[in-house]
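The next block holds one structure in the form of structure tokens; read it before the comments.
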Amino acid sequence: MSKHEERLQKVIAQSGLTSRRKAEQLILDGKVKVNNKTVTEMGVKVTSDDKVEVDGVPLEKEESVYYLLYKPRGVISSVKDDKGRKVVTDFLPEVSERVFPVGRLDYDTSGILLLTNDGEFANQLMHPSKEVNKVYVAKVKGIPHKKELLQLRKGVMSDNEKLKAVYVNMLSSDKEKKTSIIELTLHEGKNRQVRRMLEAIGFPVMKLKREQYSFLTLQGLNAGEYRSLTPKEVNQLRNTSTKL
């Protein structure tokens, strides 16, 4: 049986060393060797038997790891920030693998965020066709009518983009303070989507939290805490995203 071949830049990215785009640049810059020969062109494929070196350092594939973080507000969904702000990986100091967030949550949004070093797993979950349920709870200014909430399911336009919710529900309202708590389920994950949708119908978001990602919840975690996903949860996420 022949060994499984993969593109060199993909293998470098999967090792957790860098992104695929940066891996391509490293190849073009002549910094990558396969079996002691420098490779400078795209399209080269390698197997697990091939010896790959980047900048003279042998490439070792990290063991895949999967974490669930309760992201606090005021944190960037990234592994580094050029302005020196807190990033999500700051909350996983004991994790030695090069993990990155699966998708993102806005700076001012708290809630569930998955982190992994498994690029294939992340891409599988983020692909629009997979329709993974993401449940958000928003506190908004004003008290929308049923008709206005229904509009979110039909779809609203924002910056020439149509944004839709799969499910919308008013959890509570405070007539004195003129505020409401609204639950929205999305399949998409467009930039600032919940905020943009609620603004489009005239109810600006005061506070936003992602409470659920597929079947995963924040149960047992406080803001800033994280836990490993169990092998069963990882398999369930893989199955969820391949079935759809």
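The values are calculated or read from the model by the stated rules, or taken from the named source; none is laboratory data. What you see is a predicted model; the values in this text were computed from it and never measured. All Cβ positions, even for glycine, are placed from backbone atoms using ideal geometry, and neighbour counts span all protein chains on display. All accessible areas refer to the heavy atoms of the entire protein, side chains included, with ligands and DNA or RNA removed. Shrake-Rupley method; radii C 1.70, N 1.55, O 1.52, S 1.80 Å.
Data overview
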read-out	value
Among the candidates VAL57, VAL99, residue that is touching a strand residue (DSSP E or B) at 6+ places or on another chain (Cβ under 9 Å), at pLDDT below 95 and either of a type outside the set (Phe, Trp, Tyr) or within 24 Å of HIS127 (Cα to Cα) (or both)	VAL99
Of all residues making up segment 104-129, the number that are touching a residue at least 40 places away in the same chain (Cβ under 8 Å) and either open to solvent by 30 Å² or more (accessible area, probe 1.4 Å) or of a type in the set (A, V, I, L, M, F, W, C) (or both)	15
Conditions (1) in contact (Cβ under 8 Å) with a residue 60 or more places away in the chain; (2) open to solvent by 20 Å² or more (accessible area, probe 1.4 Å); (3) touching a Ser or Thr at 6+ places or on another chain (Cβ under 9 Å): number failed by LEU237	(2)
Test: residue in segment 34-54 that is among the small types (Gly, Ala, Ser), without any contact (Cβ under 8 Å) to a residue 12 or more places away in the chain, open to solvent by less than 70 Å² (accessible area, probe 1.4 Å) and assigned to a loop (DSSP other than H, G, I, E, B)	no
Those residues of segment 60-96 which are in a loop (DSSP other than H, G, I, E, B), closer than 19 Å to THR18 by Cα and touching a strand residue (DSSP E or B) at 6+ places or on another chain (Cβ under 8 Å), in sequence order	SER64, VAL65, SER77, SER78, VAL79, LYS80, ASP81, LEU92, VAL95
Criterion violated by GLU211 - all others in (1) in a loop (DSSP other than H, G, I, E, B); (2) modelled with pLDDT of 95 or more; (3) under 24 Å from GLN124 (Cβ atoms); (4) among the acidic types (Asp, Glu) satisfied	(1)
